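**Q** Take a look at the following structure, please.
The values are calculated or read from the model by the stated rules, or taken from the named source; none is laboratory data. Since this is a predicted model, take the numbers as computed values, not measurements. Note that we place each Cβ from the backbone using ideal geometry, even for glycine, and neighbour counts take in every protein chain shown. Remember, those area values only see protein heavy atoms, side chains included, never the ligands or the DNA or RNA. Shrake-Rupley method; radii C 1.70, N 1.55, O 1.52, S 1.80 Å.
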Amino acid sequence: MADGPIIVVPHTHWDREWYLPFQRFRLRLVSLLDTVIERMERDARWHFTLDGQMAAVDDYLEIRPERRERLAALVRDGRLAVGPWQILNDEFLCSGENIVRNLELGLRRSAELGAAMMAGYLPDQFGHCAQMPQILRLAGIEHACVWRGVPAGVRSHAFAWGAPDGTTIRTQYLPEGGYGNAAGMFESFSEPENSPPSETAPGADVLPRRAEDFTVRMRRWYPEGGPLLAMYGADHTAPAADLADRIAAAGRPMRLATLSGYFAGVDPSTDGLTRVSGELRSHARANILPGVLSARVHLKHAMSHAERVVERYAEPLAALWYTGSAQRFLDLAWRRLIEVSCHDSVTGCGSDETAEQVAARMAEAEQLGRAVCDLVTAERAAALPTVHTLFSTRPRRLARTS
């Protein structure tokens, strides 16, 4: 089978907060997106994928609100891919409701800009929950895309991932380097010192040779041939300024696309693919960093407590008993919970300063939930003549007791 073209997907992997706190990383984000937007407006060949999460867009537009329409125009044009997630979460350290709300919010916010990337991009989470194929399919998404957690039994770039309810979704595996498997192809093209003689003349472009090396590495993962997915990006970095020119001069079939652009040419059928069921928690191909499950345990306790207050008490009480609307308070609480579910936030794998800010947002979410409970109970208690009032979040009549 002949090799297909190389589909190069320029992107950045954006950790909202990690070894630096949020605001210091955001400073870099604003600079990066300023540059990317300007390059895309100057050169229609450019495409860019913004890491599958809307949080980066929202964080950028909070600082650059005047650029919203310029960014939205690129989204509508299909050259800038945003969403579908609000943030790239840790699937095991937040509730199932949090995961669903995360996807709902990301899809809604992306649609407000013009379109959501309809691909379940999960590039760096430390393993994946069993229900993810079901969640994605219910949202109308036909492709997942993962790196960590894939078992050794998967020997090609695509497999069928099944959820406990029987839902199966075509899943793209990112072998040979994950979300940065093509980053080395576009690094500085100067030859390293003491390198062996090559056919490339000093100072000449070495992209064709590197592209051939990439093709050789990837060929075993694409036994059926077809386009090779080349993820060109790394943590908190922008693509090379002359990327489009380099590819045009490469002398081999290569083109730029968003990740959704790549999937547009891929059949979502799972027929004939290796089937994997349930959680993706294997270390066979990439470390899934299990230490994050126990690092900074107080963050895990705070997350669980805040989710319980909002999810099990505040929302049901407001729905069952409140005559007004507490939705804005609840939306804000969920926004905080979704933000801190990020795979470098609730995990506690960042700096002390980051952990302190994450804990503060968790506390804010819990306080918002408690405020809604106060709002509802105060209204109901004021309408009753009794001294003591008992509330239930279950929609059923309580039996009288003597």
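**Q** Over the chain, with the other protein chains present, what is the accessible area per residue in square angstrom, probe 1.4 angstrom?
**A** Accessible area per residue: 45 Å².
**Q** Compute the whole-percent fraction of alpha carbon pairs in the chain spaced more than 31 Å apart.
**A** Every Cα pair in the chain considered, those over 31 Å come to 44 percent.
**Q** On C-alpha positions alone, give me the angle between the axis of helix 96-113 and the longest principal axis of the chain, in degrees, nearest 10.
**A** Here the helix axis deviates by roughly 60 degrees.
**Q** Give me the Kirkwood hydrodynamic radius of the stretch 133-185 in Å, from all C-alpha pairs, to one decimal place?
**A** 12.0 Å
**Q** State the Cα centre-to-centre distance between the stretch 237-286 and the stretch 1-33 in whole Å.
**A** That distance is 15 Å.
**Q** Additional query: Return the sequence-ordered ³J(HN,Hα) values of the stretch 166-180 in whole Hz as given by the Karplus equation 6.51 cos²θ - 1.76 cosθ + 1.60 applied to θ = phi - 60°, using x for Gly and Pro.
**A** Karplus values, whole Hz, x for Gly and Pro: x, 4, 10, 9, 5, 10, 8, 8, 9, x, 6, x, x, 6, x.
**Q** I want to verify a result. In a Gaussian network model of the chain, Cα cutoff 10 Å, which of these has the top mean-square fluctuation: Asp165, Asp58, Asp344?
**A** Asp165
**Q** Relative contact order for the stretch 267-348: what is it in percent, counting Cα pairs under 8 Å that are at least 6 residues apart? If you can, show how the numbers build up before the last one.
**A** Details: 26 pairs, mean separation 33.8, N = 82.
With pairs under 8 Å counted, the relative contact order is 41 percent.
**Q** If N is the number of residues in the stretch 1-148, what value comes out of its Cα radius of gyration divided by 2.2 N^0.38 Å?
**A** So the Cα radius of gyration is 1.06 times the expected 2.2 N^0.38 Å.
**Q** Relative to the longest principal axis of the chain, what angle (0 to 90°, nearest 10) does the C-alpha long axis of helix 207-219 take?
**A** 60 degrees
**Q** Taking only Cα atoms and a 10 Å spring cutoff, compute GNM fluctuations for the chain and point out the largest among Thr323, Thr49, Thr215.
**A** So, out of Thr323, Thr49, Thr215, the one fluctuating most is Thr323.
**Q** Output the relative contact order of the stretch 256-402, whole-number percent, from Cα pairs under 8 angstrom with separation of 6+ residues.
**A** 30 percent
**Q** If exposed means no more than 13 neighbouring beta carbons inside 10 Å and the site is in a DSSP loop, what's the longest run of the chain without any exposed GluC sites (Glu not before Pro)?
**A** Between the exposed loop sites, the longest stretch runs 1-186.
**Q** At a 1.4 Å probe, what is the % contribution of carbon and sulfur to the accessible area of the chain?
**A** That fraction is 52 percent.
**Q** I would also like to ask the following. GNM, the chain, Cα, under 10 Å: largest mean-square fluctuation among Gly83, Gly324, Gly120?
**A** Gly324
**Q** Given the -39500 (n - 2.57) contribution per DSSP H run of 4+ residues, what per-residue ellipticity at 222 nm results for the chain, rounded to the nearest 500 deg cm²/dmol?
**A** Working: 12 runs with 152 residues, N = 402.
So the helix-based figure for the chain works out to -12000 deg cm²/dmol.
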